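Shown next, in structure tokens, is the structure this report addresses.
The values are calculated or read from the model by the stated rules, or taken from the named source; none is laboratory data. Here the structure is a predicted model, which means the values were calculated and not measured. We place every Cβ from the backbone using ideal geometry, glycine too, and count neighbours over all the protein chains shown. Ligands, DNA and RNA are excluded from the accessible area calculation, which covers all protein heavy atoms including side chains. Shrake-Rupley method; radii C 1.70, N 1.55, O 1.52, S 1.80 Å.
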Number of protein chains: 2
Amino acid sequence: MKLESIDLKKIRIEDQFWSKHVNLVKNTIIPYQWDAMNDRIKDAEPSRCLENFKIAAGLSKGEFYGAVFQDTDIAKWLEAVGFVLAANKDEELEKTADEVIDLIGKAQQEDGYLNTYFTIKEPKRRWKDLCEGHELYTAGHMMEAAVAYYLGTGKTKFLDIMKKNADLICETFGQEEGKVKGYPGHQEVEIGLIKLYHVTGERKYLDMAKYFIDIRGVGENYFLKEMKSDDYHLIFPEFANYDPSYSQSHMPVREQESAEGHAVRAVYMYTAMAELAYEYQDEELMKACKNLWNNIVEKRMYITGGIGSSGILERFTVDYDLPNDYCYCESCASIGLAMFALRMANITKEAQYIDVLERALYNTVLAGVALDGKSFFYVNPLEVRPETCKDRTSKEHVKPIRQKWFGVACCPPNIARTLASLGQYIYGKSENTLYINLFISNQAKIELGEDEIEVRIDSDFPAKNHFKIAFSKIAKEIKVGIRIPGYGEEYTGLINGKSVAYTVEKGYAVFMVGEDTEIEISFKAPAKYVGTNPKVSTNNGKVALVRGPQVYCLEEVDNGDGLAGIYVDTKTLPKEIQSEKLGGSIFLELQGKRIDEEDWPKNQLYAAREITYKDVTIKAVPYSYWNNRGIGEMTVWMNNQI
Amino acid sequence: MKLESIDLKKIRIEDQFWSKHVNLVKNTIIPYQWDAMNDRIKDAEPSRCLENFKIAAGLSKGEFYGAVFQDTDIAKWLEAVGFVLAANKDEELEKTADEVIDLIGKAQQEDGYLNTYFTIKEPKRRWKDLCEGHELYTAGHMMEAAVAYYLGTGKTKFLDIMKKNADLICETFGQEEGKVKGYPGHQEVEIGLIKLYHVTGERKYLDMAKYFIDIRGVGENYFLKEMKSDDYHLIFPEFANYDPSYSQSHMPVREQESAEGHAVRAVYMYTAMAELAYEYQDEELMKACKNLWNNIVEKRMYITGGIGSSGILERFTVDYDLPNDYCYCESCASIGLAMFALRMANITKEAQYIDVLERALYNTVLAGVALDGKSFFYVNPLEVRPETCKDRTSKEHVKPIRQKWFGVACCPPNIARTLASLGQYIYGKSENTLYINLFISNQAKIELGEDEIEVRIDSDFPAKNHFKIAFSKIAKEIKVGIRIPGYGEEYTGLINGKSVAYTVEKGYAVFMVGEDTEIEISFKAPAKYVGTNPKVSTNNGKVALVRGPQVYCLEEVDNGDGLAGIYVDTKTLPKEIQSEKLGGSIFLELQGKRIDEEDWPKNQLYAAREITYKDVTIKAVPYSYWNNRGIGEMTVWMNNQI
């Protein structure tokens, strides 16, 4: 059984909220990243990604430069290009991409091997450092890119390159004698192999992905074994005294009940696990997915959809440990969480997964890129005091301002490919049911059973909680499930202007729809103060402000510094103000009080004296857009005036 | 001009509060550390400190083991032994120490060089890695030890060894042609040289200390220059891309206005600067000391006397950045702060310095060692949730339980030498004035001008704010300044039972005292809630509880877990309860409320719902004794119920 998916070539997004972000990919991020990978961005860390391919192809001379997984920058870029070309013809871009693919082809070895680091720098250590080498991780991204490029352009060259590479992987790894019984140090190839199977129908790719998942963490840890070999040498200093839970290889995946280790590795693996559970109807694997999902969303996730509480090693820590100022919350981890959520929603048809997916997309993923598309966050804190994010201190990983590029540049192209493939998150489907997950204006042609129906969504969301869905080319009546978001109140649906009753199935309002039907949905989602489970000690006495899927924050530019001294009056309803700033966002005006700093003796650090307060009006803006108006303090969690 | 000091041989401390700690040094810590240095402590990290000396002396074969400054463990141990032997004869201990000193003598090279790391491992790199090599740091501790041992026993062998070593340093470093124009990567030798000058009168040692201070941070940074040499190799990986402010070498010391970099390096340097400023009557240097002092106590110090906010590199960060849970607050840094404070007090005769010194001693320094003397804190957080202090995460440097020993074991022996020399902090003096700084019961003979007077303090402090001081052998009337602590209220003094008026000079109550005078002092210092300058964002809305010099904290063992959910009612006075636990501490009973965790839906992380509270009685204990009753949560800063 194969999970149903949506053909991105047949979706056109034109949305008042999302288009400005999605269009950035084609107009700004892709050209910008192209410059970055060609080392043409001033004052940014060099990439040399393309130069590495030229050296590996024998077209240039020099040393390998960059991280061991530097190749993935071009992979994610090509994947984004594939998605963009699915939506819009662009001959120049396609020509550039074709040239890059030619280069990749030249850098591929005779037997299908493809990895510039090992080809240039350590040819004898192929597959010998699965823990740190990232060969399978890189291959996975290349496979995803090849599939996207094939689906976007119909061209098979890149796909053929990656099939040859996948064939080599299938010949190299496996249970059979003489094969390597290892698994990737950074999960990702599983997703790539599954996608490759989906477009080629080659079952061995799916089986290969399952093998990697099945043997992970079983018996003696493969990485610790690898590290005992005589010719082993560390690539990453922080991998000394390796802790297998870092890469989720501390126990068989089916037995894992809590999200451990490096957050991106974790959610990429869970994504593959979910898909494999479905493909093989593996209930035990599905149970593990649900346990891991629940552990994240009930105990280890920020309200912004961020995950990974530790600044050291970008990892999960323990239940309810959600520090706001020195967390990691890598952009890529929230992207991975959205990928995992999409699979879980597609399999279970439960809307709860989309609530989390939407939270991640509208907040941490969007926050990862500036409104102009030219700078990026890697780490996404929920509280920032810029001067404390000093180099070589506990908070040096937190950058108080988006960066032009990164030495390890996983996040910017990951955001690009996510925005460029936004269409995949809008709809879900089963044989005769179409699910509307996200309320984004678009026109789509969707295969449902044996028919191709046409759908058009016109949405004012999230500014207004109102959208219309028009259906046509409906040969026989279909079932449509429209997500009732967790924050939705007074949900009403009209069919062709008439109020109708609907049933609710797993969080979806379900309607029967025939030809030329228009459904109009309205609900209320007023701005609300939200609290946290008291076990999250950092948030005791604090509230966050959410409006629909958007989490709000306070910024210094609106409220002055000393945001931690503000106390909001949660009894007074926030007032909505339509702004022209921050992409036409709705700002929220709050009432409260704040510490009167002037009243404290200037040179005294501690004193037995009362704090005085003054009444204030406070302005909150969407978290996704913080730091678009210069550097300054920011906080999501505000003191609750009680 | 030489700063007056107190002869530790002539002080006997017998104090209801301190004796239990001071006696630990002789009875437990010194024997325990002796075992540790001989690698006889089960489950503790090995030391091999003595083995290194045997190898360097040619008495044993093997590799150097441990940190580059491993020798300082024995130095600090010998210094503590010197202090202990000053107070009490102990033939067996003295015999052991003499044997160690013989061994040190054998490990010393012909020319006076003494350092087991460089002697065994890198003989060709003597003085070539001042940045990381810690040769001068180690020499400084050895000098301090030699001086303490000489003063405690009258024996000169160790002193002679270190004079020879100091002579070599004087021949090696300096302005003259052919000499090394460098300065120590970790300051400490300056203190050692000054002490050596004090007991030998050898002026060149003082001048050498001044040279190191004078050239520090002047011109091209010496360490960056050193790192450019061809045979340079890193000893500490974290020293790559070296930041000179880490070692306070980023600018000339006289221009420094804020406390930067590694906290221990900083305060050791400030200690030497203060003493040199006095010796050379260098007003510019004194001004720098005052600026740096003010920066620390007005902007960068924890209420416990802890310093060093960053868990990475054990360093200062920026003004008002005082996170409670992931700070460093190294025990050694508070010891260094006390050393700096003592010099400043002795020079300026201002009581304000003693307030800080007392805060550091009664809180962070004491917290560094368990009540049984067998385990130690290196890092001293003000808030701990043990399960979040997980290895390989942002808080891995915070140990929620005292450790038996450390690979880098600077703190335990530093605490030992501080407790063993507690007498130096009790009194200050100038030509005709005796200052009573700390209210600790003792009998002392003190040279004042040309006479030796006798003083006896009988004190119930800090349990009760009451003590008597009896003077005898007063040939001619003397001035006595008794510190009025910052927290003291309704201060009264009786002379021979009669109420007297006193003048106040720089925070001291000044009395004129003749033969057979008894002064009786009483004041009030009720437990009080204290707030922080609002610029310290982490403490907004929070209060700490102090009683005299002692900072209090909440522990899980008394109050259950979830301490961050407790709100204290600061309008109700804390109730004192004399306990038999924690060395007979006064516990404080507080009123307040706490979050009712049961009322929150178990599997929900975020929700738009009210938090409910329940009234509670809360118990607080002295911070210095936290974690003496098993592992659990702890917090100094409590939410203020407003």
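Remarks
- With K and R counted +1 and D and E -1, the other residues having a Cβ less than 10 Å from that of B:Asp615 yield a net charge of +2.
- When you restrict to C-alpha pairs under 8 Å that are six or more residues apart and normalise by the size of the stretch B:264-415, the relative contact order lands at 22 percent.
- Cα-based radius of gyration of the stretch A:176-305 once divided by 2.2 N^0.38 Å, which approximates compact folds: 1.10
- Cβ neighbours within 10 Å from other chains - mean over A:237-250: 1
- Of interest is the spacing of the C-alpha centroids, which for the stretch A:536-564 and the stretch B:48-115 amounts to 57 Å.
- Gyration tensor (alpha-carbon) shape descriptor, the stretch B:176-251, a/c threshold 1.5: prolate
- Interface residues, the stretch B:385-425 - accessible area loss of 20 Å² or more versus chain alone, probe 1.4 Å: B:Arg385, B:Glu387, B:Thr388, B:Lys390, B:Arg392, B:Thr393, B:Ser394, B:Lys395
- Peptides ranked, highest mean first, by Cβ atoms within 10 Å: ranges B:535-541, B:335-341: B:335-341, B:535-541
- The other copies place their B:Asp167 label points at 8.1 nm from this one, listed shortest first, where each point is 7 Å from Cα along Cα→Cβ.
- The stretch A:18-156, relative contact order [Cα under 8 Å, separation at least 6], %: 30
- For the stretch A:564-642, the relative contact order comes to 39 percent (Cα pairs under 8 Å, sequence separation of at least 6).
- Remark: accessible area buried at the A-B interface is about 5500 Å², both chains counted, probe radius 1.4 Å.
- The Stokes-Einstein estimate for the stretch A:1-126, based on a Kirkwood radius over Cα pairs and taken at 10 °C with 1.306 mPa s viscosity, is a diffusion coefficient of 98 µm²/s.
- Spin-label model, A:Glu14/B:Ile401: points 7 Å from Cα along the beta carbon direction are separated by 6.6 nm.
- Rounded percent of accessible protein surface that carbon and sulfur make up, chain B, 1.4 Å probe: 47
- Over the residues of chain A, the helix contribution to mean residue ellipticity at 222 nm works out to -9500 deg cm²/dmol, using -39500 (n - 2.57) for each DSSP H run of at least 4.
- Calculated FRET efficiency for the pair A:Glu99/A:Lys179, C-beta based, R₀ 51 Å, to 0.05: 0.90
- Anisotropy class of chain B from Cα gyration tensor, a/c 1.5 cut: oblate
- Here the stretch A:460-573 was treated as a single set of alpha-carbon atoms; its pair distances binned every 5 Å from 0 give 2, 9, 16, 16, 15, 10, 9, 7, 7, 5, 3, 1, 0 percent.
- At least 50 Å² accessible surface lost relative to isolated chain, residues of the stretch B:292-332 (1.4 Å probe): B:Glu298, B:Ile312, B:Val318, B:Tyr326
- Average projection area in nm² (convex hull over Cα atoms of the stretch B:547-642, one quarter of hull surface): 7.1
- Compactness of the stretch B:427-524, expressed as Rg and Dmax over alpha-carbon positions, Å: 12.4, 36
- In summary, the lysines within cross-link reach of A:Lys155, defined as a Cα separation below 22 angstrom excluding same-chain residues under 8 places away, comprise A:Lys9, A:Lys10, A:Lys26, A:Lys76, A:Lys89, A:Lys95, A:Lys106, A:Lys163, A:Lys164, A:Lys195, A:Lys445.
- The protein assembly as shown, accessible area per residue, ligands and nucleic acids excluded (1.4 Å, Å²): 36
- Put simply, the amide H of B:Gln591, placed in the peptide plane, has neighbours under 5 Å in B:Asp569, B:Ile618, leaving out anything fewer than 5 places away on its chain.
- Measuring heavy-atom accessible area with a 1.4 angstrom probe and counting protein chains only, the residues of the stretch B:604-619 that give up at least 50 Å² relative to the chain alone are B:Leu605, B:Tyr606, B:Ala608.
- Pairwise FRET efficiency - A:Lys498 versus A:Arg203, Cβ, R0 = 35 Å, nearest 0.05: 0.10
- Among the residues of B:520-532, the average count of other protein chain beta-carbon atoms within 10 Å of the residue beta-carbon is 2.
- Given +1 at the Cβ of Lys and Arg, -1 at the Cβ of Asp and Glu and no other charges, the dipole of the stretch A:427-524 around its Cα centre is 280 debye to the nearest 20.
- Per-residue 3J(HN,Hα) values for the stretch B:256-272, derived from phi via the Karplus relation 6.51 cos²θ - 1.76 cosθ + 1.60 with θ = phi - 60°, read 6, 10, 10, 6, 10, x, 4, 5, 5, 3, 4, 6, 5, 5, 4, 4, 5 Hz in sequence order (x marks Gly and Pro).
- Across the copies of the chain, A:Asp599 has label points (7 Å from Cα along Cα→Cβ) spaced 2.8 nm apart, shortest distance listed first.
- Cα centre as origin, Lys/Arg/Asp/Glu Cβ charges: chain B dipole, Debye: 540
- The Cβ shell under 15 Å around B:Ser522 holds other residues with a net charge of -1, Lys and Arg each +1, Asp and Glu each -1.
- Backbone N atoms of the stretch A:82-113 closer than 18 Å to the 7 Å Cα→Cβ label point of A:Asp160 belong to residues A:95, A:97-113.
- Per-bin percent of Cα-Cα distances, the protein assembly as shown [20 Å]: 10, 35, 33, 17, 5, 0
- Using a 7 Å Cα-to-Cβ projection, A:Glu576 label spacings across copies, nm, ascending: 6.0
- Scaled to the globular estimate 2.2 N^0.38 Å, the Cα spread of the stretch A:48-229, given as radius of gyration, is 1.01.
- Distance from the alpha carbon centroid of the stretch B:574-642 to that of the stretch A:575-642 works out to 29 angstrom.
- Cα convex hull, the stretch B:107-203: 94 Å³ per residue, rounded to a whole number.
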